[in-house]
Structure formats: structure tokens, C-alpha cells
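Beneath this line is the structure, given in C-alpha cells, with notes to follow.
The values are calculated or read from the model by the stated rules, or taken from the named source; none is laboratory data. On a predicted model such as this, the values are computed, not experimentally measured, just so you know. Here the Cβ positions follow ideal geometry from the backbone for every residue, glycine too, while neighbour counts run over all protein chains shown.
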Amino acid sequence: MSPVLKISLIIVCIMTCYYTLRKIRKSQMQIEDSLFWILISIVLVIISIFPQIADFMAKFLGIGATVNFVFLAMIFILLIKVFMLSLKVSQLEERIKNLVQRIAIKEYEKEEILKELQQKEKETVHS
């Protein structure tokens with residue numbers, strides 16, 4: 001790996017960490033979600049400083065080129081992240097559906113109570 005590429009990767013990773021931490025401070029991102037991006041940045045910094053790790057892993061897994069291992073690993077990690085986000089979205093959709101149903105039931109009950117009160121009021125006025 002060329003020194004320019006190493007330095008570029010380290011700078012981009014540091015900027016990503018800084019940006020993520022800034023979003024946390026501004027309450028625009030949850031800590032749990034930001035940990036993923038910070039860990040990815042740290043792993044990329046380690047790989048850029050010690051490219052032998054990626055070389056070893058590529059040889060260990062029988063992958064011809066180190067670059068292919070890095071791409072394969074990142075694609076795999078991002079697929080896991082997408083799957084986890086899909087689970088989270090499904091859970092949130094279910095919660096939203098339940099909340100909407102509860103609100104609808106409460107409003108229906110409120111309308112029924114108001115109708116009953118209006119009928120009782122009419123009965124008392126006519127009596």
C-alpha cells in the first residue's frame with residue numbers, strides 16, 4: 001500500500017470519527033448506531049497502518065489478492081449492517097402500527113363518551 005493511500009485512508013477515517021462524534025454531541029445520532037462507524041474507521045486505520053493483517057487474512061482464507069479480501073470483508077460487514085437495520089425498521093413499523101391502533105381506539109372511546117354525555121344532557125334538558 002502506497003504511503004499516500006495510507007495517509008489518505010487514515011485522514012478519511014479520522015474525519016469520519018470526528019463527524020460521527022459531532023453528530024452524537026448534537027443529538028442527531030444515537031451512540032449505538034455510531035459505534036458501528038467508529039469501529040469500522042478504527043479497523044480501517046489499523047489495516048492501513050499494518051497492511052500485513054489484511055495480507056495474512058487473505059492468504060489464510062485463500063483469497064488471491066489482499067484488495068479482494070478487503071472488499072469482500074467490507075461488503076460482508078455492510079450486508080450485516082443492512083440486515084440489522086432492516087430488523088430495526090421492521091420493529092419500528094410494528095411499534096408505529098400498534099401506536100396508531102391504540103390512538104384510534106382511544107379516540108373512538110372518547111367520541112363514544114362524548115355522545116353518551118350529549119344524550120344524557122339532552123335527556124336532562126327535556127325532563
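The number of residues in the range 75-118 being under 17 Å from the mean Cα position of the chain (by Cα), of a type in the set (S, T, N, Q) and more than 26 Å from residue 44 (Cα to Cα) comes to 2.
Counting the residues of the range 1-29 that are loosely packed, with under 11 Cβ neighbours inside 10 Å and basic (Lys, Arg) gives 2. Taking the conditions exactly as written (under 21 Å from residue 2 (Cα atoms) and within 28 Å of the chain's Cα centre (by Cα)), does residue 48 satisfy them or not? Yes; evaluated as a whole, the condition is true for this residue.
Residues in the range 1-56 that are charged (D, E, K, R), in a helix (DSSP H, G or I) and under 25 Å from residue 84 (Cβ atoms): 22, 23, 25, 32, 33. Out of 85, 61, 78, one residue alone is out of contact with any helix residue (DSSP H, G or I) (no Cβ under 7 Å at 6 or more places or on another chain), surrounded by 10 or more Cβ atoms within 10 Å (Cβ to Cβ) and over 22 Å from residue 10 (Cβ atoms). It is 85. Suppose the filter is of a type outside the set (Phe, Trp, Tyr) and loosely packed, with under 10 Cβ neighbours inside 10 Å; does residue 32 pass it? Here the answer is yes, as residue 32 does meet what is asked. Taking every residue in the range 31-53 that is without any contact (Cβ under 8 Å) to a residue 60 or more places away in the chain and pairing it with any residue that is small (Gly, Ala, Ser) and surrounded by 15 or more Cβ atoms within 10 Å (Cβ to Cβ), at least 6 positions away or on another chain, the pairs with Cβ-Cβ distances below 9 Å are 43/73; 47/54. Pairing each residue of the range 11-24 that is farther than 20 Å from residue 47 by Cβ and among the β-branched types (Val, Ile, Thr) with any residue that is modelled with pLDDT under 90 and surrounded by 14 or more Cβ atoms within 10 Å (Cβ to Cβ), provided the two are 6+ apart or on different chains, yields C-beta distances under 6 Å for 24/34.
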